[in-house]
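Novice: Structure in structure tokens, see below.
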Amino acid sequence: MKKILSVIAVTLFALSACEDKIELELPENTGQLVITADLMVSDQQHEISIQKVVSIKDSLLAPITDAEVTVKNMQNNRTYTFLAGADGVYTNKTLRLQEKATYQLQVKTADGREIQGTSKVPGYVDVDSIGLSERIIFTDTIYYPTLVFTDPPEIGNYYKYKMSVNGGKLRFIDVFSDKYNNGLEVQHDIIDRDRDLKIGDRVRILRQCIDVGAYNYWNSFQMINPGAASPSNPISNLSNNALGYFSVSVGKYYESEVVLAKSRP
């Protein structure tokens, strides 16, 4: 049983830098690089994390602080240098991403390894409405936000969602593609499978429009079964056998309180 409740009031917020924590099945050989590069159009400071595997047994990662890290705009050939920090996070405050532009990440380590990745910023697909849905499963009531929009007629649109509850950390929730609903009106249900929302909770949703490389990474990430006999890592769009991903995207935040507009019958 499912019913749509009141429309949630929507507030759009300026984007700030955010980074997803990724948990990987570490390879048998130590020293493999793990790169996390999630850059968004409205970020005022971009961050790229570079680490290497140092212990398989203890799942330990160590920061790489002596790499050369650049991101190149493939439309105008302008290159932006990222500065290293002590924690292996490289930053840049001058890069301004442009929608529909393609970017190339290049990492050169002190020991001679080179890693590249390419990603394109899609155009943002606006949301027509956002509401709250209720689903009753046996005796449990589950609440979750729903976003309704019209998918563009062009094929190859991909969406990623993160959500925080009551001021907590943004967590990855889900990704969607338009494979079966290209050009149609679409509803995305933003369901946190690890936490049930309650009346009075405040939710903050980050909706990102991403490219196919980022979609493949996160789609494979959520499909991996940790209990499998031979677990694997998400599909990376990085070269030279590096783990992680490179993504440039555009997104918006939506925030509201989970409320009921009317009492139940």
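Novice: Considering each residue of region 211-260, count those that are at pLDDT 95 or above and among the charged types (D, E, K, R), and give that number.
Specialist: So the answer is 2.
Novice: Also, quick follow-up: Would you pick out the residues in region 172-203 that are under 22 Å from Y217 (Cβ atoms), open to solvent by 90 Å² or more (accessible area, probe 1.4 Å) and charged (D, E, K, R)?
Specialist: K179, R193, D194
Novice: Then there is this: Please find, within region 81-90, the residue that is least open to solvent (accessible area, probe 1.4 Å) out of those that are outside any loop (DSSP other than H, G, I, E, B) and either out of contact with any strand residue (DSSP E or B) (no Cβ under 6 Å at 6 or more places or on another chain) or free of Cβ contacts under 8 Å to residues at least 24 places away in the same chain (or both).
Specialist: Across region 81-90, the extreme among qualifying residues is T81.
Novice: I'm checking my understanding of the structure. Among residues of region 91-106 that are aliphatic (A, V, I, L, M) and under 12 Å from T70 (Cα atoms), which one is surrounded by the most Cβ atoms within 10 Å (Cβ to Cβ)?
Specialist: L105
Novice: For region 67-80, state whether one or more residues are of a type in the set (D, E, K, R), loosely packed, with under 13 Cβ neighbours inside 10 Å and more than 21 Å from the chain's Cα centre (by Cα).
Specialist: Checked against the condition, which is being of a type in the set (D, E, K, R), loosely packed, with under 13 Cβ neighbours inside 10 Å and more than 21 Å from the chain's Cα centre (by Cα), region 67-80 yields at least one hit.
Novice: Okay, moving on. Could you please let me know if L132 is open to solvent by 30 Å² or more (accessible area, probe 1.4 Å) and among the aliphatic types (A, V, I, L, M)?
Specialist: Against the criterion (open to solvent by 30 Å² or more (accessible area, probe 1.4 Å) and among the aliphatic types (A, V, I, L, M)), L132 does not qualify.
Novice: Still on this structure, I have one more. Just for region 35-91: of the residues that are of a type in the set (K, R) and more than 22 Å from C209 (Cβ to Cβ), which one is modelled with the highest pLDDT?
Specialist: Taking the candidates together, the pick is R78.
Novice: Follow-up question, since we're still on this one. Being open to solvent by 40 Å² or more (accessible area, probe 1.4 Å) and closer than 24 Å to G117 by Cα is the filter here; which residues of region 204-218 pass it?
Specialist: The answer is V212, N216.
Novice: Let me ask something else about it. For F138, which of the numbered conditions (1) within 18 Å of the chain's Cα centre (by Cα); (2) aromatic (F, W, Y); (3) exposed (fewer than 15 other Cβ atoms within 10 Å of the Cβ) fails to hold?
Specialist: So the condition that F138 fails would be (1).
Novice: Would you point out which residue out of R135, R113 is among the basic types (K, R) and touching a Lys or Arg at 6+ places or on another chain (Cβ under 7 Å)?
Specialist: Testing whether each residue is among the basic types (K, R) and touching a Lys or Arg at 6+ places or on another chain (Cβ under 7 Å) leaves just R135.
Novice: Look through region 48-66, keep the residues that are free of Cβ contacts under 8 Å to residues at least 12 places away in the same chain and either part of a loop (DSSP other than H, G, I, E, B) or under 28 Å from D126 (Cβ atoms) (or both), and return whichever of them is least open to solvent (accessible area, probe 1.4 Å).
Specialist: The selected residue is D58.
Novice: Hey, another quick one. Answer with yes or no whether G112 is free of Cβ contacts under 8 Å to residues at least 40 places away in the same chain and surrounded by 17 or more Cβ atoms within 10 Å (Cβ to Cβ).
Specialist: no
Here is a yes/no grid of residues against (1) among the basic types (K, R); (2) more than 25 Å from L39 (Cβ to Cβ):
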{"position": "G183", "(1), (2)": "no, yes"}
{"position": "R193", "(1), (2)": "yes, yes"}
{"position": "V212", "(1), (2)": "no, no"}
{"position": "Y215", "(1), (2)": "no, no"}
{"position": "F221", "(1), (2)": "no, no"}
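Novice: From the residues in region 119-173 that are outside any strand (DSSP E or B) and of a type in the set (A, V, I, L, M), which one is farthest from L238 (Cα to Cα)?
Specialist: Filtering first and then ranking leaves V127.
Novice: Could you tell me whether region 148-159 includes any residue that is surrounded by 19 or more Cβ atoms within 10 Å (Cβ to Cβ), closer than 18 Å to Q222 by Cβ and at pLDDT 95 or above?
Specialist: Within region 148-159, one or more residues are surrounded by 19 or more Cβ atoms within 10 Å (Cβ to Cβ), closer than 18 Å to Q222 by Cβ and at pLDDT 95 or above.
The values are calculated or read from the model by the stated rules, or taken from the named source; none is laboratory data. These numbers come from a predicted model, not from an experiment. Positions of Cβ are generated from backbone atoms using ideal geometry, with glycine treated the same way; all protein chains shown enter the neighbour counts. For the accessible areas, the whole protein counts, side chains as well, though only heavy atoms, and no ligand, DNA or RNA atoms are used. Shrake-Rupley method; radii C 1.70, N 1.55, O 1.52, S 1.80 Å.
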